Amino acid sequence: MHFLTGYANIIAALHNEQEVEILKLTQKKIDDYNIELTVTEDAAEFSKAIKRATQMLGERISVPGFRKGKIPAAIIKRQVGKEAIIDEASNALIQKSSREALKSLGLIPVSENKADVITNEEGKDFVFKLTFTPFPQVELGEYKNLDAEKVVEPVTDEDVDKQIEQMRSHQANLIDAAEGDAIVDGDFITLDYTGTINGEKFAGGEAKDQPLEIGSHKFIGDFEEQLIGAKVGEERTIKVTFPDEYHAKDLAGREAEFACKINSIKHRELPELNDEFAKKVSTFQTLDEYKADIRKNMEANAERRAGENQRQAIIDKAVANMKVDLPPVMVDNRVNQMINEFDANLRTQGMNLEQYMAFSGLDIEKLREDYRENAEKNVLRDIMLDQVANAEKLTVNEQEINYEIAVMAQMYRTQPKQIFKYLQENGQLINVVENIRRRKAMKFILDNSAIAPKAEAVPEKVAEPESTPAKEIQEPSVKKDEAPTE
């Protein structure tokens, strides 16, 4: 099934394969990353733009005695005013001339364009300045025959035991603590608490029968540790300091006291570690067999991680070999994208970004800072992969785009046509093409690395295989009360 028609135009746009008219341009560097273009269109072109603007505005107004689109220019001018026509013509010409200027100079903005009109008087040349951050100059380094060590972490007896203990924990029963028992790490309790700062209560600092797992560190500071040793019915005062980056600014960095009362305690009762436990949690009959299987799976996972790390190290080397002065705005844009994607993912789970920040104790600036390092790495990787794709003339065909859309449809549990419609309406089809090209570039680097399997020597005479029609790529089948927290 084909959802994309005329996809070649989208792919061509990725390479700026359109001829443009050469304008009168002057270019000035403002600082290390930003430039200013002075663009001049001659008076005749501006006159044409004014005429087009007059016609467009004439189609939006109604004048008694005239049909829309048939109103004389003089009447339109009286109705809307000369200034409105000039503004309409200026905006339209800025859009057109900016595109042509950028393409003629081979510049791709990575920031919003700021346009300032210098001259837009009828009968004179139209002049404006365009300020923006262009895509940086890139010097692609070595990306073939790269090597990296494959380090497989050994699986120890301690690792296996830790995995088994986690399974025991999942199988644990919660039992009411005996009378007089004290809270220990790992217990589940309920408590009442009232928080105060300088003797005054504060919003969100009070709760009744609040559930809490000791050791989960859901509450700020060492709140939970200070409850260890308390018994049911006991009252205890906990002193903590709110983190400096706490989401409630009026509480950030302040010392608080919580008057707590323990209502209930439940201990975690772990199952005995024997053959019966192995039978319960697995298909094996003995504990030794179960342990052996855990080790086998852990070793397989260690081997897989080592391979992934080795391949990632090769891609990282290709990035490191590249020379580029990355404009900060490109990192900022990627941070914004990552935060928007995170927010969208939260919403699928019934939460939004604001609620998450309140729960985690983060503010938006701290969140942005947490994303910045990965954002920079991702931008550099994408630049490198785009450059490799260009250097190796890697292309994307219609079949690959349709398959990508089908995979996205499976992920979002909707129809491919709906995904295509959304991408088309939001101008994101080109992103699909870019992602496919980058994956191809990554595969090219790995296929041409020192770790790639070497092809066997081909015999001098090879029998020609029977020709078979290419199979169309099929769509994939679908299987498918606030607390004092950190």
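Label 7 Å along Cα→Cβ of K261; the stretch 232-249 residues with amide nitrogen under 19 Å? Label zone hits: 232-239.
Could you tally the net charge around E354, taking each other residue with its Cβ under 12 Å from the Cβ of E354, Lys/Arg +1 and Asp/Glu -1? Intermediate values should be presented prior to the final figure.
Values: positive: R347; negative: D343, D363.
Result for the neighbourhood of E354: -1.
Give me the Debye-computed log₁₀ of I(q)/I(0) at q = 0.10, 0.12 Å⁻¹ for the stretch 233-392, equal point scatterers on Cα only, no solvent, two decimals. For the requested q values the scattering log ratios are -0.82, -0.98. Only Cα pairs under 8 Å and 6+ residues apart enter the sum, and on that basis the relative contact order of the stretch 300-438 stands at 23 percent. When the P(r) is computed for the stretch 30-141, the part past 25 Å accounts for 37% of the Cα-Cα pairs. Remark: the stretch 92-222 carries 58 Å² of accessible area per residue (probe radius 1.4 Å; ligands, DNA and RNA excluded). For the listed peptides 254-262, 166-174, a ranking on the average number of other beta carbons within 10 Å per residue, highest first, reads 254-262, 166-174.
Computed from the Cα positions only, the extents of the stretch 322-462 along the three principal axes stand at 70, 40, 25 Å, in decreasing order. Starting from the Cα of D157, move 7 Å in the Cα-to-Cβ direction to define the label point; list residues of the stretch 275-314 whose amide nitrogen is under 19 Å from there. Zone members listed by number: 275, 287-299. A simple spin-label model places the labels of A178 and V281 2.6 nm from each other, with each point 7 Å out along Cα-to-Cβ.
For the stretch 339-409, the fraction of C-alpha pairs farther apart than 17 angstrom is 65 percent. The Stokes-Einstein estimate for the stretch 101-218, based on a Kirkwood radius over Cα pairs and taken at 20 °C with 1.002 mPa s viscosity, is a diffusion coefficient of 89 µm²/s. Counted residue by residue at 0.36 nm each, then reduced by the alpha carbon distance between them, the extension gain from E200 to A248 reaches 15.7 nm.
Between L346 and E112, what is the FRET efficiency for a Förster distance of 35 Å, r being their Cβ-Cβ separation, to the nearest 0.05? List each step's numbers first, then the result.
Details: r = 27 Å, r/R0 = 0.77.
That gives a FRET efficiency of 0.85.
A simple rule links phi to the HN-Hα coupling: the Karplus curve 6.51 cos²θ - 1.76 cosθ + 1.60 with θ = phi - 60°, which for the stretch 131-143 gives 10, 6, 9, x, 4, x, 5, 10, 10, 6, x, 5, 9 Hz, with x for Gly and Pro.
Using the Cα gyration tensor of the stretch 193-282, with a ≥ b ≥ c the square roots of its eigenvalues, what is the shape: rounded (a/c below 1.5), prolate (a/b larger than b/c) or oblate (neither)? Each step should come with its number before you reach the end.
Numbers: a/c = 3.36, a/b = 2.13, b/c = 1.58.
Because a/c hits 1.5 or more and a/b exceeds b/c, the stretch 193-282 counts as prolate.
Placing one equal scatterer on every Cα of the stretch 240-327 and applying the Debye formula, the log10 ratio I(q)/I(0) at q = 0.22 Å⁻¹ is -1.09. For the stretch 414-449, the list of chymotrypsin sites (Phe, Trp or Tyr not before Pro) that fall in a loop by DSSP and count at most 16 other C-beta atoms within 10 angstrom is empty. For the listed peptides 196-206, 71-81, a ranking on the average number of other beta carbons within 10 Å per residue, highest first, reads 71-81, 196-206.
The label-point distance for Q166 and D293, in a model that sets each label 7 Å from Cα toward Cβ, rounds to 1.7 nm. Pairs of Lys residues in the stretch 163-318 that lie 8 or more places apart, or on two chains, and have C-alpha atoms under 25 angstrom apart add up to 26. Measuring nothing but protein heavy atoms, the accessible surface of the chain at 1.4 Å probe radius is 47 percent carbon and sulfur. Applying the Kirkwood pairwise sum to the alpha-carbon positions of the chain produces a hydrodynamic radius of 30.0 angstrom.
The values are calculated or read from the model by the stated rules, or taken from the named source; none is laboratory data. Keep in mind that this is a model prediction, so the values were computed, not measured. Here Cβ is always computed from backbone atoms with ideal geometry, including for glycine, and neighbour counts include all displayed protein chains. What goes into the accessible areas is simple: the full protein's heavy atoms, side chains included, and nothing from ligands, DNA or RNA. Shrake-Rupley method; radii C 1.70, N 1.55, O 1.52, S 1.80 Å.
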